[in-house]
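Okay, so here's the structure we're looking at.
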Amino acid sequence: MLLRRPGVLSVDTNPVAQTADVTFDPALTSVADLTSWVQECGYHCSGQSVPALICEPQPTSLSLR
């Protein structure tokens, strides 16, 4: 399990989309380590890394009219 690996802070999986979002501490692990661990479990890893600073914050509420 990824959560048991050093540096992995959180894992959010989506079985329908067959994806996982992993938050990790780059001082303790790397994308290469994560890719290897995912592959050891028999899964495919695209190795895409999207820093949180790139993502636009989600609105906390929506106004429908």
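Please go through (1) β-branched (V, I, T); (2) open to solvent by less than 70 Å² (accessible area, probe 1.4 Å); (3) at pLDDT below 85 for T60 and return the number of the only condition it doesn't satisfy.
All conditions pass for T60, except number (2).
If the Cβ limit is 7 Å and pairs must be 6+ apart or interchain, which residue in the stretch 1-23 that is closer than 15 Å to T35 by Cα pairs with which residue that is surrounded by 15 or more Cβ atoms within 10 Å (Cβ to Cβ) and among the polar types (S, T, N, Q)?
Note: pairs meeting the criteria are R5/T29; P6/T29; G7/T29; V8/T29.
Please verify whether the stretch 12-26 includes one or more residues that are surrounded by 15 or more Cβ atoms within 10 Å (Cβ to Cβ), out of contact with any helix residue (DSSP H, G or I) (no Cβ under 8 Å at 6 or more places or on another chain) and β-branched (V, I, T).
Within the stretch 12-26, not a single residue is surrounded by 15 or more Cβ atoms within 10 Å (Cβ to Cβ), out of contact with any helix residue (DSSP H, G or I) (no Cβ under 8 Å at 6 or more places or on another chain) and β-branched (V, I, T).
Restricting the search to the stretch 27-40, which residues are open to solvent by 50 Å² or more (accessible area, probe 1.4 Å) and in a loop (DSSP other than H, G, I, E, B)?
Result: A27, L28.
The values are calculated or read from the model by the stated rules, or taken from the named source; none is laboratory data. Just so it is clear, the structure is predicted and the values come from calculations on it, not from any experiment. Every residue, glycine among them, receives a Cβ derived from its backbone with ideal geometry; neighbour counts consider all protein chains shown. Areas reflect the complete protein model, heavy atoms only, side chains present, ligands, DNA and RNA absent. Shrake-Rupley method; radii C 1.70, N 1.55, O 1.52, S 1.80 Å.
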